[in-house]
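The values are calculated or read from the model by the stated rules, or taken from the named source; none is laboratory data. From a predicted model like this one, the values you see are computed outputs, not experimental measurements. Cβ sites come from the backbone with ideal geometry, for glycine too, and all protein chains shown count toward neighbours. Accessible surface is based on the protein model in full, side chains and every heavy atom, while ligands, DNA and RNA are left aside. Shrake-Rupley method; radii C 1.70, N 1.55, O 1.52, S 1.80 Å.
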Amino acid sequence: MDWIRSWKSTLFLLLEDIPLHLREFVVSISLDGTSATTIIVDSTTGEPLCRPLLYNESCSDALPTVKSIAPANHTVCSGSSTLCKLVSWWNMVDSDKKLATLLHQADWLLWLLHGNLGVTDYNNALKVGYDPELDSYPHWLLAQPYSQFLPSVKAPGTPIGFLKEDVKTKYGFPKDCVVCTGTTDSIAAFLAAQATQPGKAVTSLGSTLAVKLLSTSRIDDARYGVYSHRLDDKWLVGGASNTGGAVLRQIFTDEQLEHLSEQIDPMKTSPLDYYPLPTVGERFPVADPNMAPRLHPRPKSDVAYLHGIFESIARIEANAYGLLKDLGATQVEEVFTAGGGAKNAKWIKIRERVLGLPVSPAIQTQAAYGAALLALKGAQQGVQGV
């Protein structure tokens, strides 16, 4: 798969999808991307110097080096962290490394729109070692030779620059349309849900399962894959499991999922005990790159099988929120749900029973809505310094 070409094509197809009569009213643009999806690019041309390393790829070869420089149990002390991916690339590449810049998926796509290379947001930068509390890279990271590749960091929703002339001309956007820093996909989903009080949580059930709990306390512990993102004066505590919709799509079609779900009794406990993963490796609530998927035994009934998978994913979700409480986060009181899983009413009922909490679809369930809220924030800030 040529991920870079695919992402770029998708971005511009989405711009083409905006109705012509609305384009003149677009005053700002932002987007979200998967956390820890890492792209090393030429700092002059912006062209990738190697294939992108995806969010769920583990660079365990770099873990000993990262653990030797970072504080114990820091967020970067996980093989899938952005910093491990940077160090792994640094160790493998023998050619001239002076003209390189690290970007995340959202950063690179936004660069295609604004043209100012080397800018990220403090949500995406967390897993490369950025400290959102100090609002700077820590000294232990800046002391490393590869720190020269780190992008500058701004708050999510900060105007970076005006939309590039060629993009404005091709698509008919206004001349003063600004492009703003983005965020990660799970944080965009949280912003979309507009859960504003401590104790409120959002589970984003897309390809993966990402939980975010609004807390008054910051919790970071790489032993369990737990980390905190800054959200103004509070903290979004949570993590992302590799379980989720990607596993379901390996087994069932969308039509099968809809048909089989209708036949499930969500009040009945499934006796099946699985750990559904699309491939080997888990990040949260257990950080174990060697964890194997567990999807057997498979019963004869597809309804029973899907019920077992739904319930097993719900148990992973419950374990995630239980772990956050044990580590000192604000106790979860209510869960909003976003992503494709938010559309399945039977699954929501199963999750309510397993979690012992009210679970409801967020009014807005698309992470893109959260990114649009960031774009609105950027438009309200104005274009000083752009």
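Listed values, structure above:
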item	result
Evaluation of LYS343 against (1) over 30 Å from ASP135 (Cα atoms); (2) modelled with pLDDT of 95 or more; (3) not small (Gly, Ala, Ser) (one fails), failing number	(2)
Selection status of THR34, open to solvent by 40 Å² or more (accessible area, probe 1.4 Å), out of contact with any Cys (no Cβ under 7 Å at 6 or more places or on another chain) and among the hydroxyl-bearing types (Ser, Thr, Tyr)	no
Matching entry among VAL87, VAL128, VAL119 (being surrounded by 20 or more Cβ atoms within 10 Å (Cβ to Cβ), aliphatic (A, V, I, L, M), at pLDDT 95 or above and in contact with a strand residue (DSSP E or B) (Cβ under 6 Å, 6 or more places away or on another chain))	VAL119
Unmet requirement for PRO64, which otherwise passes all of (1) without any contact (Cβ under 8 Å) to a residue 24 or more places away in the chain; (2) within 17 Å of PRO151 (Cβ to Cβ)	(2)
Inter-residue pairs, beta-carbon under 8 Å, first open to solvent by less than 30 Å² (accessible area, probe 1.4 Å) and in the range 144-155, second of a type in the set (S, T, N, Q) and assigned to a strand (DSSP E or B), 6+ apart	PHE149/THR101; PRO151/THR101; PRO151/THR120
Where TRP140 falls short, out of the listed (1) open to solvent by 10 Å² or more (accessible area, probe 1.4 Å); (2) within 15 Å of the chain's Cα centre (by Cα); (3) modelled with pLDDT of 95 or more	(2)
Failed criterion for LEU141 (all others in (1) touching a residue at least 60 places away in the same chain (Cβ under 8 Å); (2) touching a strand residue (DSSP E or B) at 6+ places or on another chain (Cβ under 6 Å) hold)	(2)
Count of the range 93-110 residues which are of a type in the set (Phe, Trp, Tyr) and over 18 Å from ASP185 (Cβ atoms)	0
Test for ALA314: is it open to solvent by 10 Å² or more (accessible area, probe 1.4 Å) and either modelled with pLDDT of 95 or more or within 21 Å of the chain's Cα centre (by Cα) (or both)	no
THR269 under 21 Å from the mean Cα position of the chain (by Cα), assigned to a loop (DSSP other than H, G, I, E, B) and polar (S, T, N, Q)	no
Residues that are open to solvent by less than 20 Å² (accessible area, probe 1.4 Å) and of a type in the set (Phe, Trp, Tyr), drawn from the range 343-383	TRP347
Odd one out for ARG218 among (1) modelled with pLDDT of 90 or more; (2) in contact with a strand residue (DSSP E or B) (Cβ under 7 Å, 6 or more places away or on another chain); (3) open to solvent by less than 10 Å² (accessible area, probe 1.4 Å)	(3)
Sole residue being β-branched (Val, Ile, Thr), touching a residue at least 40 places away in the same chain (Cβ under 8 Å) and assigned to a helix (DSSP H, G or I), chosen from VAL179, VAL211, VAL167, VAL202	VAL167
Any pair with Cβ under 8 angstrom, 6 or more apart, that starts in the range 74-87 at a residue that is under 13 Å from LEU141 (Cβ atoms) and ends at one that is aromatic (Phe, Trp, Tyr)	THR75/TYR227; LEU86/TYR146; LEU86/PHE149; VAL87/TYR146
Residues satisfying the stated conditions in the range 121-136, i.e. assigned to a loop (DSSP other than H, G, I, E, B) and out of contact with any Ser or Thr (no Cβ under 7 Å at 6 or more places or on another chain)	TYR122, GLY129, TYR130, PRO132, GLU133, LEU134, ASP135
